[in-house]
Amino acid sequence: MKKSLFAYLYKQKEKFYVIQTNTRRIFEIDEKTYYILNECKELAELDRDTFNCFVEAGIVVPKESDEVSLMEKGHMANDNDLEWHSLHIIPTEACNFGCEYCFVLKDKQTTEGERVISDEILYKGIDFFLDNNPSDQMILTFYGGEPLLAPEVIYKSVDYIEGVRKRKISKKVITNASRVTPQIAEYLAVHEFDVNVSLDGNKDGHDQFRLYKDGRSTYDDVIRGIKILQEAGNSIKILMTVGDFNAKNLTEHVKSLLELKPTTIALNLPKALQTTDNQIERKMNYEQLLAAYIECMDLCYEKHIPEGHMADIIYGFLRSETQYRPCHGCGKQIALSPDGLIGPCQAYLGTKKYFMPLKLFKDKEQLRKTEEFEKWKQITMYKCEKCRYCYLLPVCPGDCPYDWENRTGSLLNVPDTYCASRKAMFDYMIGRLVNGKEILFRTKNA
């Protein structure tokens, strides 16, 4: 017998624990047991009752057991090529902001594509995604550019999918909120959109980079847009990019976000650009950043407002199944650009890497056979060596192969900073659990 790959040892003060991340079992253990497991000593040194308990919980497994291969085989056997879950529509690549760190458009070399997507391309792209797609868990995301520069595309898309094609789909928009009107806000509320607004903290932090193209502040207009959205009944998720400019005062910025009473916030680490420097992580100390992040989690729990990445870890631990693809872009997604190109990942919109003309394909079966989409379909956590043999594999929500490729040159090589942040989040969650604290941000009494 041997210790399971997914048996994680955790120590807090004078107490010791072992967590089986695949079976989601937690045991408080004595120091001797901790030492035996930690030093990979002979498991025969464990007392009989403990040994039997560990076998039942999967903490101890047969020496010949290949736990990862077994999980992978099960996932691949149940993978349905016909099910595609995510459609990203880019109404226009134009944006009224000039954010220097923008990972979508900063690599863009021309103004080509800043026109609004045509009805012909829009409906053809939607049909392409929906045809022969049995998925009942589809999500439609409007991205950009700034999608609210062309709100009519949003209206037409929803009318066509739900009215003409009679398909149920979750709806999401990612916006800078500066162009929100009461009419737009009401539409988004009526159609139950997941509304995501980019806001980089308080005014001082936000206006470091998120400016209009002529250099004017955007903060007040974003706050105005958020208030209009909330007054119409929308639930707002705030997306904050964390970089040199706001990391040192992270708790201060998070407090300002929580005061706006969003349903969720997400503290997003910078994404590396394909061809240029993002300019916002030249001096970042990730150890200090993670310490500040944990402080911010305490603030989020006090206000009962989830932080998205921590919530992903918690959800991964509470659910029974394992997420084995880092994101929908890995074989389950189409991004549609205004110039009629389709690709697996919207983040490459600037350079159009991995994008191809929609008109070349009669159906998704043809698309799946291309080198570009086949490459993305093969991206799973099992194919990444760091993920494959990590104790967090069963509960990790994955992340962003686009950023992995830009930082390491490979779509299958996770940067160390990602691993460090996920492990810090997991430890924080386990610390709350063993101390009898609620791990869900919202409780019945909140």
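None of the figures in this text is laboratory data; all of them are computed from the coordinates on show. On a predicted model such as this, the values are computed, not experimentally measured, just so you know. Cβ coordinates were reconstructed from backbone atoms using ideal geometry, including for glycine residues, and neighbour counts include every protein chain displayed.
Couplings 3J(HN,Hα) for region 86-100, derived from phi with the Karplus relation 6.51 cos²θ - 1.76 cosθ + 1.60 (θ = phi - 60°), are 10, 10, 9, 10, 9, x, 7, 8, 5, 8, 8, 9, x, 5, 5 Hz, where x marks Gly and Pro. Database remark: amide H of Ala335 closer than 5 angstrom to the amide H of His88, Gly343, Cys345 (H placed geometrically; neighbours at sequence offset of 5 or more, or on other chains; Pro and chain starts carry no H).
Taken one residue at a time, the phi angles of region 7-16 give Karplus couplings (6.51, -1.76, 1.60, θ = phi - 60°) of 8, 10, 9, 9, 10, 9, 6, 9, 10, 10 Hz. Gly and Pro are set to x.
Database remark: amide H of Lys2 closer than 5 angstrom to the amide H of Val61, Lys63 (H placed geometrically; neighbours at sequence offset of 5 or more, or on other chains; Pro and chain starts carry no H).
Please give the contour-minus-distance gain from Glu231 to Asp49: 0.36 nm per residue of separation, less the Cα-Cα distance, rounded to one decimal in nm.
Working: separation 182, 0.36 × 182 = 65.52 nm, distance 5.91 nm.
Between Glu231 and Asp49, full extension yields 59.6 nm more.
Take each of the peptides 76-82, 355-361, average the number of other beta-carbon atoms within 10 Å over its residues, and list them starting from the highest.
Working: 76-82: 10.1, 355-361: 15.0.
So the peptides 76-82, 355-361, ranked by packing, come out 355-361, 76-82.
Placing a label point 7 Å from the Cα of Ile139 along the Cα-to-Cβ direction, the residues of region 386-429 whose backbone N falls under 14 Å from that point are 397-400.
Based on the Cβ-Cβ distance of Lys73 and Tyr389, what FRET efficiency does E = 1/(1 + (r/R0)^6) give at R0 = 22 Å, to the nearest 0.05? After rounding, the FRET efficiency stands at 0.85.
Between the labelled values (1) 23.1, 72; (2) 29.3, 99; (3) 23.4, 81, the entry that holds Rg and Dmax of the Cα atoms in Å as derived from this structure is (1).
Note: relative contact order over the chain, using C-alpha pairs below 8 Å and six or more positions apart, is 16 percent. Scanning residues 5 or more positions from Tyr8 or on other chains, those with amide H under 5 Å from its amide H are Ile19, Gln20, Thr21, with H placed 1.01 Å from N in the peptide plane.
If you count, for each residue, the other Cβ atoms within 10 Å and average over each peptide, how do 143-152, 31-40, 405-414 line up from highest to lowest? The partial results should precede the final answer.
Values: 143-152: 21.6, 31-40: 15.0, 405-414: 17.3.
Top of the packing list down: 143-152, 405-414, 31-40.
On the basis of the beta-carbon distance and an R0 of 22 Å, Lys15 and Ala291 show a calculated FRET efficiency of 0.50.
Which loop GluC sites (Glu not before Pro) in region 196-305, with loop taken from DSSP, have no more than 16 other Cβ atoms within 10 angstrom of their Cβ? Don't skip to the answer; put the middle values down first.
On the way: sites: Glu231, Glu252, Glu259, Glu281, Glu287, Glu295, Glu302; in loops: Glu259, Glu281.
The qualifying sites are Glu259.
In whole Å, how far is the Cα centre of region 123-195 from that of region 384-402? Taking the Cα centre of region 384-402 as reference, the centre of region 123-195 is 30 Å away. Listed by chain and number, the aspartates and glutamates whose alpha-carbon sits under 19 Å from that of Lys213, ignoring those within fewer than 8 places in the same chain, are Glu93, Glu100, Asp107, Glu112, Glu114, Glu146, Asp200, Asp204, Asp221, Asp277.
Pairs of lysines in region 2-65 whose Cα atoms sit within less than 17 Å of one another amount to 11, provided the residues are eight or more positions apart or on different chains. Converting phi to 3J(HN,Hα) with the Karplus coefficients 6.51, -1.76 and 1.60 and the offset θ = phi - 60°, region 374-381 yields 4, 4, 6, 4, 6, 6, 9, 5 Hz in sequence order, with x at every glycine or proline. Taking N as the residue count of region 84-179, its C-alpha radius of gyration divided by 2.2 N^0.38 Å amounts to 1.12. Report note on the peptides 392-398, 177-183, 101-107: ranked by the mean count of other C-beta atoms within 10 Å, highest first, their order is 392-398, 101-107, 177-183.
Could you tell me what percent of the DSSP beta bridges with both partners in the chain are antiparallel, to the nearest 5? Could the numbers behind the result be given before it?
Numbers: 19 of 45 bridges.
Of the beta bridges lying entirely in the chain, close to 40 percent run antiparallel.
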